[in-house]
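A.B. asks: This structure is in structure tokens; I'll ask about it shortly.
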Amino acid sequence: MSAVFDARRAWVREAVRRIEADFQRSSDTHLIPLPLPGFPGVDLYLKDESSHPTGSLKHRLARSLFLHALCNGWLREGAAVVEASSGSTAVSEAYFARMLGLPFVAVMPRGTSPQKIAAIEFHGGRCHLVDDPTRVAAESARLADELHGHFMDQFTHAERATDWRSNNNIADSIYLQLQRERHPCPAWIVAGAGTGGTLATIGRYVAYRRHETRVCGVDAEVSVFFDHYVSGDPTLVLDRGSRIEGIGRPRVEPSFLPGVLDAMVKVPDVWSLAAMHSLSVRLGRRVGGSTGTNLVAALACAQALKAAGRGGAVVTLLCDDGQRYRHSYFDDGWLQANGLECGAESDAIDALIDTGEWPAALRRGWRLAGDLVL
Ligand SMILES: Cc1ncc(COP(=O)(O)O)c(C=O)c1O
């Protein structure tokens, strides 16, 4: 019997070594300053998570989920890993599964874009399509059972798998990179929620390290997170999913922890995409939709500082590369077909960044909650 256990322990050790070696080979993601002429005294920074090997902030989560599952004894040599995701998480998990020689299956709604399927298959994953989008999680659990594998279940484990005290988590990295800036301790850190794991990590870290920083969560239009933050009602559900990839959920996910937030902003989708376009031009490269959502909320935090007559730093996330959305958010035909044309709004975001003049339509359309006074 001990030979079996020896082999199992040896496999887990080698798997952890490979993930740690990959981490050692990787450098940290950049912190990019974005000038805000319209908000003198406020320094805005973008944490560029698109520079990870798998192109998004989910590279960190996937690494944590695999280490968490390995050290819990949930993964076996050659046994499949299954995840309910059509997006960034599946791309990143496929990368780590291949590194460990494990088959990877991403369960997603039929109709998922061929580009996303191709991105997962590029890293060696297989895509399993289901007709009913609300059955993705249940089908993942069933398939993992059938394959005698493991359902990674990012929505449940995201907040547990990530080391929120340190260990180079995203917050640790942000404070390290701000050390020589004029405002080394940010007044605000802003991020959106898909699983809620990133916000949980940032919020817990700020509290644990006793930083003066406030944490602002941002929600997409078709999502329950903002209403849950306001009402505390855990039963909120919607009959359709978010239009901003990666953020917003039709039900309250277990890794979304409203208690770590000081404020929340809910941004209409047309303004998320408008900010995405404006920022892409300013950076000279495309960013994803959830980065646009982050930018709008970060500007709200900049306004709060300005209104209080204070300077300070605001940090938000550049979550993924916009090239992934060349067939959707960067396609005029797609925007038109989805009623999300945003040319005028994008010009208004430009004016806001340059002059500090707030578009009335945005102030009418968004929702604010918590300790955010504009
Ligand atoms: C592009 C993008 N932005 C933001 C997020 C939100 O991250 P989290 O799941 O940590 O809340 C995700 C999550 O999938 C994402 O893919």
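A.B. asks: Among 87, 259, 197, which one moves the most in a GNM of the chain with springs linking Cα atoms closer than 10 Å?
C.D. replies: The residue that fluctuates most here is 259.
A.B. asks: For segment 58-158, what's the relative contact order in percent, using C-alpha pairs closer than 8 Å and at least 6 residues apart? Provide the component values of the computation, followed by the final result.
C.D. replies: Numbers: 168 pairs, mean separation 34.0, N = 101.
Across segment 58-158, relative contact order equals 34 percent.
A.B. asks: Quickly work out the residue 4-to-residue 235 label distance, labels modelled 7 Å from Cα along the C-beta direction, and quote it in nm with one decimal.
C.D. replies: 4.6 nm
A.B. asks: Could I ask something else about it? What residue among 230, 315, 267 has the largest mean-square fluctuation in a Gaussian network model of the chain, using Cα springs under 10 Å?
C.D. replies: Its mean-square fluctuation being the largest, the pick is 230.
A.B. asks: How much net charge surrounds residue 272 when only the other residues with a Cβ under 12 Å from the Cβ of residue 272 are counted, with Lys and Arg +1 and Asp and Glu -1?
C.D. replies: Values: positive: 243, 266; negative: 219, 221, 245, 269, 345.
It works out to a net charge of -3.
A.B. asks: Would you check the chain for Lys pairs whose C-alpha atoms are within less than 23 Å, ignoring same-chain pairs closer than 8 in sequence, and give me the count? Display every interim value, and only then the final one.
C.D. replies: Working: 47/58; 47/266; 47/306; 58/116; 58/266; 266/306.
Lysine pairs meeting both conditions in the chain amount to 6.
A.B. asks: Evaluate 2.2 N^0.38 Å with N set to the residue count of segment 58-158, then give the Cα radius of gyration divided by it. Provide the component values of the computation, followed by the final result.
C.D. replies: Working: Rg = 12.1 Å, N = 101, 2.2 N^0.38 = 12.7 Å.
Against the compact-globule rule of thumb, the ratio is 0.95.
A.B. asks: Can you give the helix-only mean residue ellipticity at 222 nm for the chain, where every DSSP H stretch with n ≥ 4 adds -39500 (n - 2.57) and the sum goes over all residues, rounded to the nearest 500 deg cm²/dmol? Mind showing how you got there, number by number?
C.D. replies: Details: 14 runs with 164 residues, N = 374.
Per the formula, -13500 deg cm²/dmol.
A.B. asks: What whole number of Å gives the distance from the Cα centroid of segment 57-111 to the Cα centroid of segment 149-223?
C.D. replies: Taking the Cα centre of each part, segment 149-223 and segment 57-111 sit 21 Å apart.
A.B. asks: Among the trypsin sites (Lys or Arg not before Pro) within segment 174-208, which fall in a DSSP loop and have no more than 15 other Cβ atoms within 10 Å of their own Cβ? Could you put the intermediate results ahead of the total?
C.D. replies: Numbers: sites: 180, 182, 204; in loops: 180, 182.
Qualifying residues, ordered by number: 180, 182.
A.B. asks: Something else now. Around residue 151, which amide H atoms from residues at least 5 apart in sequence, or from another chain, sit under 5 Å from its own amide H, with H modelled in the peptide plane?
C.D. replies: Result for residue 151 returns 82.
A.B. asks: Evaluate the relative contact order of the chain (contact order divided by residue number), counting alpha-carbon pairs under 8 angstrom at least 6 apart; express in whole percent. The partial results should precede the final answer.
C.D. replies: Details: 742 pairs, mean separation 67.1, N = 374.
Averaging sequence separation for qualifying contacts and normalising by length gives 18 percent for the chain.
A.B. asks: Please list 284-293, 185-194, 362-371 highest first by mean number of surrounding beta-carbon atoms within 10 Å per residue. Write out the running numbers ahead of the final one.
C.D. replies: Values: 284-293: 25.1, 185-194: 26.9, 362-371: 15.1.
Result, highest mean Cβ count within 10 Å first: 185-194, 284-293, 362-371.
A.B. asks: Something else now. In segment 126-229, which GluC sites (Glu not before Pro) are in a loop and have at most 10 other Cβ atoms within 10 Å, using DSSP for the loop call? Spell out each step's value before the answer.
C.D. replies: Details: sites: 139, 146, 159, 181, 212, 221; in loops: 181, 212, 221.
Those that pass, being in a loop and sparsely packed, are 212.
A.B. asks: Let me ask something additional. By the scheme Lys and Arg +1, Asp and Glu -1, what is the net charge of all other residues having a beta-carbon under 13 Å from that of residue 298?
C.D. replies: On the way: positive: 47, 214, 306; negative: 43.
Value of the local net charge: +2.
A.B. asks: Let me ask something else about it. Of the options 40, 78, 23, report the single residue whose Cα projects farthest towards the positive end of the charge dipole of segment 15-82 (beta-carbon charges: Lys, Arg +1; Asp, Glu -1).
C.D. replies: Looking along the dipole axis, the top candidate is 78.
A.B. asks: I'd like the GluC sites (Glu not before Pro) in segment 289-374 restricted to DSSP loop residues with at most 13 other Cβ atoms within 10 Å, sorted by number. Please list the in-between numbers first.
C.D. replies: On the way: sites: 341, 345, 357; in loops: 341, 357.
Here the GluC sites (Glu not before Pro) that fit, given the DSSP loop and packing criteria, are 357.
A.B. asks: Considering only 270, 137, 185, whose Cα is most displaced toward the positive end of the charge dipole of the chain, charges sitting on Cβ of Lys, Arg (+1) and Asp, Glu (-1)?
C.D. replies: After comparing all options, I get 185.
A.B. asks: Report, in debye and to the nearest 20, how large the dipole of the chain comes out about its Cα centre when Lys and Arg carry +1 and Asp and Glu carry -1 on their Cβ.
C.D. replies: Values: 40 positive and 43 negative charges, 170 e Å.
Value, rounded to 20: 820 debye.
A.B. asks: Also, I was wondering about something else. HN-Hα J couplings of segment 103-113 from phi, Karplus 6.51/-1.76/1.60, θ = phi - 60°, integer Hz, Gly and Pro as x?
C.D. replies: Those phi angles translate into x, 10, 10, 9, 9, 8, x, 4, x, 4, 4 Hz.
A.B. asks: Another question about this same structure. Enter the accessible area per residue of the chain (Å², integer; probe 1.4 Å; all protein chains in place).
C.D. replies: On the way: 15690 Å² over 374 residues.
Ligands and nucleic acids excluded, the figure is 42 Å² per residue.
A.B. asks: Here's something else I'd like to know. What do you get when you divide the Cα radius of gyration of the chain by 2.2 N^0.38 Å, with N the number of residues?
C.D. replies: Values: Rg = 20.4 Å, N = 374, 2.2 N^0.38 = 20.9 Å.
My calculation over the Cα atoms of the chain gives 0.98.
A.B. asks: Once you put a point 7 Å from the Cα of residue 331 and another 7 Å from the Cα of residue 22, both along the Cβ direction, what distance in nm separates them?
C.D. replies: 3.0 nm
The values are calculated or read from the model by the stated rules, or taken from the named source; none is laboratory data. What you see is a predicted model, and the numbers here were worked out from it, not measured in a lab. A quick note on method: Cβ atoms are made from the backbone with ideal geometry, for glycine too, and the neighbour counts reach across all protein chains shown. What goes into the accessible areas is simple: the full protein's heavy atoms, side chains included, and nothing from ligands, DNA or RNA. Shrake-Rupley method; radii C 1.70, N 1.55, O 1.52, S 1.80 Å.
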